[in-house]
Amino acid sequence: MDAIAILLGIVFFINLAFAAILTANRAGKNGAGFYSIAALGTSIWVLSEFIFYVLPTDLLATQIAARMLYISGLIFAPFFFFFSFEFLRPSNQKRLHTNFLLFVPAIILLFFILTSDLIIGNAISLANIQSIFIGEWYLAYIFAIAAYFIGGFINLLRQYSLFKIRSIERRQIEIIFLGLIPSIGVGMIFNVIAPYFNDFRFFFLGPLFVVFFIGFTTTAILRYHIFNVKIIATNILVLILWSFLLTRTLLFETSRDLITDGTILLVSIPIGILLVRSVLKEVKVRERVELLAKQLEKANLKLTELDRQKSEFVSIASHQLRSPLTAIKGYSSLILEGAFGIVPEKINEAVDKIYQSSQSLVYVIENFLNISRIEQGRMSYEFVPTDMAVLIKGIVDQLYPNIEKKGLKISFEYENSKIFTANIDQEKLRQSVMNLIDNSSKYTKEGWIKVALTQKAKRLSITISDSGIGMTKQTIQKLFGKFNRGDGAGKINAGGAGLGLFLAAEIVIAHKGKVFADSKGLGKGSTFTIELPVA
């Protein structure tokens, strides 16, 4: 067996492997179904050329191979044409090109190949070259094959023009062209046109040049993932194993070798199929996960943008509300102080309610503004050494009148002999402590609120205890989340937004401290503790 025969054999196995891969993994994507059949046609072409080149002319197998050489062209060319319509197009596109009429020329020519009107027979020429006698319909065969290929190239060029410059899709089509042009060009010249002039000197070149088609398409696969590389590797491995075992079985020397190799081959077939299917399943799951990950990433980006817009809106809206609220609060205070003269008691009570409500709304707006600043990373702190006893006593004194009006008692306990100093932003931490005390007053119908300041080692503890409604362990776990409120809190205080404790915790964390809550159960009061490092 000479070098050409060996090369044809190698090309056949490579081409068959690629055709098997495409057939097993077409999955209806990018016209891979049509492409796999076209590749199968090239495999038949190479095998037929191998038989035609190696075996004697008078054998029936050689005569059949002579006709199969041209039948393979009627498989490759039309299905390449159909593939050109499908490649990189949406799957829901109307498939007019699959109309049966487009395949009619190939069917007619197939009929004539099976008769003697296109291929008469084969013989050895005077130059001792295997040749084929062609019939009167051969010219129609040339035109039909050329029309299919030209139509396919035109369709791919149209697809190429639809995509943007330097896009992956354009690069895919470029690489496919690099493989198809030499293989189809050489095949048309030496295997279709030259035989018309009875020239068979280079009849073997067409099948050999299919390597370009295989090589460049494989490059496109490896670089641009037209089909999955892992699936390709698995299919090739299984195919090589089957081919090796089949060869050993056919070349047996004893009946024992036949039984042994045949049994191994039969066992390997279902194992190989299961292996390929498992890889297919794994790849499909991974592709699905990757798709979901991309969708999740897009959704996350969109949510991030919406959250940013929300924060900006809250910030702008809060700023716009502060001006009218300042006016309402200021004029209410002036009326209560008698700046506009003595007013009736009923009006005075109504104005007091307006003042208290506006004061509560000021706190809420300030909370919104600070949360907006935290989310946008614009919250700034000015840390200074502060006497915590003085700060907290001022807060308790400020809140005392409102808490007393509710019928509650509030007290502040600390050791007068000690100095409690911490590096804090006074306004921010004041707001945290006020939010915690305000929270206790909202959810305590009757009884007391106790504020205590203690120090252990290098930690200061601010404790706010109350005799209020208490909490469950489940409530405590989610208490410091944004917009989270305790179970049943809405029945006691319908106006709460679930932001005060969240903001208090964020501010304390920024001070390198921590805040936590505790309760012995529903109806048994609650305790909130802020821990800060000592200055």
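So the values come out like this:
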{"quantity": "Residue pairs, from the table K329/K442; K353/K445; K329/K482, whose Cα atoms sit over 24 Å apart", "calculated": "K329/K482"}
{"quantity": "Where a label projected 7 Å from the Cα of Q477 along Cα→Cβ would reach, residues of region 496-535 with amide N under 17 Å", "calculated": "517-522"}
{"quantity": "Listed residues R256, R322, R373 arranged by accessible area, highest first, probe 1.4 Å", "calculated": "R256, R322, R373"}
{"quantity": "Protection-proxy order for peptides 505-515, 267-277, each taking the mean of Cβ atoms within 10 Å per residue, highest first", "calculated": "505-515, 267-277"}
{"quantity": "Solvent exposure, largest accessible area first (probe 1.4 Å, DNA, RNA and ligands not counted), of S323, S417, S183", "calculated": "S417, S323, S183"}
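The values are calculated or read from the model by the stated rules, or taken from the named source; none is laboratory data. None of the values given here were measured: they were computed from a predicted structure. Methodologically, a virtual Cβ is constructed for each residue, glycine included, from the backbone with ideal geometry; neighbour enumeration extends over all protein chains shown. When the accessible area is computed, the model is the full protein with side chains, heavy atoms only, and any ligands, DNA or RNA have been set aside. Shrake-Rupley method; radii C 1.70, N 1.55, O 1.52, S 1.80 Å.
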